[in-house]
1. Could you list, ordered by first residue, the pairs with Cβ atoms under 6 Å in which the first is in region 199-223 and more than 24 Å from residue 234 (Cα to Cα) and touching a residue at least 60 places away in the same chain (Cβ under 8 Å) and the second is among the β-branched types (Val, Ile, Thr) and surrounded by fewer than 23 Cβ atoms within 10 Å (Cβ to Cβ), at least 6 apart or interchain?
2. With the condition kept exactly as written, say whether any residue in region 78-100 is farther than 30 Å from residue 20 by Cβ, touching a residue at least 40 places away in the same chain (Cβ under 8 Å) and aliphatic (A, V, I, L, M).
3. I'd like the full set of residues that are touching a residue at least 40 places away in the same chain (Cβ under 8 Å) and either out of contact with any strand residue (DSSP E or B) (no Cβ under 8 Å at 6 or more places or on another chain) or exposed (fewer than 15 other Cβ atoms within 10 Å of the Cβ) (or both), limited to region 53-64.
4. Any idea which residue in region 319-340 is farthest from the chain's Cα centre (by Cα), counting only those that are over 23 Å from residue 258 (Cα atoms), in a helix (DSSP H, G or I) and not charged (D, E, K, R)?
5. For region 105-128, which residues satisfy the criterion of being surrounded by fewer than 22 Cβ atoms within 10 Å (Cβ to Cβ) and either of a type in the set (Val, Ile, Thr) or free of Cβ contacts under 8 Å to residues at least 60 places away in the same chain (or both)?
6. Say we look at region 90-136 and pick out the residues that are touching a helix residue (DSSP H, G or I) at 6+ places or on another chain (Cβ under 6 Å), small (Gly, Ala, Ser) and not in a helix (DSSP H, G or I); which of these is nearest to residue 76 (Cα to Cα)?
7. Somewhere in region 142-155, is a residue at positive phi, assigned to a loop (DSSP other than H, G, I, E, B), small (Gly, Ala, Ser) and in contact (Cβ under 8 Å) with a residue 40 or more places away in the chain?
Amino acid sequence: MTLRVGLYDDPLFRRHDAGRGHPERPERLDAVRRGLLPLEPRLELLDPREATREELLRVHGAQHVATMAGTQGGTVRLDPDTQAGPDSYRAALRAAGAVVDAVDRALDGRLERAFCAVRPPGHHAEPDRAMGFCLFNNVAVAAAHALDRGLERVLVIDSDVHHGNGTQQVFWTEPRVLYVSSHEYPFYPGTGGLREVGEGKGRGFTVNLPLPAGCGDAEYSTLYRGLVAPLGRAFDPQLVLVSAGFDPHVDDPLAGMRVTPAGFAAVMAACLETALGAASGRVVVALEGGYDLDGIAASSEAVARVLLGEPAAPLAAASPFAERMLEEYRRFFGEFWTLE
């Protein structure tokens, strides 16, 4: 069977102005497209739509949406790291809308998988504030949309090197969304400790996998194969959303991890494994961070090849440290989940 894999991009994303010299720059998307160029004949190129106000309000407060709308046509500093330029609001609407549209197409059977090459990114945006380069929380808006369409189990996997504080906050008490994040820790934004597991009915449905700086392919592949994939099997999601950050890359200037494109392919293979049950293979990937252009290009290609059905290349055996970390994390989350 030929997999239908969508690719979302829009020139408007490049008009989001994060500020002079900012690492979250338009060239990031050019790097994605450079990496995907050999694969474009196998991808369905799709135009994003804008997220509606109703879709945004499932995640964000009305005042936050109004504040973002008020930036249109001007330049507004939202926090020390985050700026909205004249076209940023419309770009943010379309970034969230791209992921929502991909969810609709996947649920309607019009595609199996999608890669949303969007900016601004989203996972740091909280219900009532922009932060960490993010204006609206693209993946959270898409997950809430999937719930509104009647899904009962949505898995969000966040592989960005920074913890997705915004996504965690949105679904902190929500048992219909399992949020799993691997990230460098301690690091920006300071959240994402192992014992942050959610509250109330959502207790156990937030899974944080904090990693020390210096982790690479062995640690990531061991953790995703040995813990993330079993968590996915236990939860049996009806849809999988991936906040794909390429900033764990070995050459990324903003972090201290050592993942190669082969490691990102292994991570994506584990993400796909979580979608083998009720999700029927439905996986939507949205770009988050990643700031080394060559690293973005090579990693995007590696991930897209896996989305298209190519096997991830085998990696070297796990390190003793990776095995110890996996054992510790499996023991901890065994309180909440039956891991096989």
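1. Here the result reads 217/260, each pair linking region 199-223 to a residue that is among the β-branched types (Val, Ile, Thr) and surrounded by fewer than 23 Cβ atoms within 10 Å (Cβ to Cβ).
2. yes
3. 55, 56, 58, 59, 60, 61, 63
4. Within region 319-340, the match that is farthest from the chain's Cα centre (by Cα) is 332.
5. Residues satisfying the conditions are 108, 109.
6. Residue satisfying both the conditions and the ranking: 125.
7. Checking region 142-155: not a single residue is at positive phi, assigned to a loop (DSSP other than H, G, I, E, B), small (Gly, Ala, Ser) and in contact (Cβ under 8 Å) with a residue 40 or more places away in the chain.
Rundown of residues vs (1) part of a strand (DSSP E or B); (2) in contact with a helix residue (DSSP H, G or I) (Cβ under 7 Å, 6 or more places away or on another chain); (3) buried (at least 21 other Cβ atoms within 10 Å of the Cβ), yes/no style:
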{"residue": "157", "(1), (2), (3)": "yes, yes, yes"}
{"residue": "169", "(1), (2), (3)": "no, no, no"}
{"residue": "186", "(1), (2), (3)": "no, no, no"}
{"residue": "189", "(1), (2), (3)": "no, yes, no"}
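No lab work stands behind these numbers, since they all come straight from the coordinates. Source: prediction; values computed, not measured. Cβ atoms come from the backbone with ideal geometry, glycine included; neighbour counts cover every protein chain shown.
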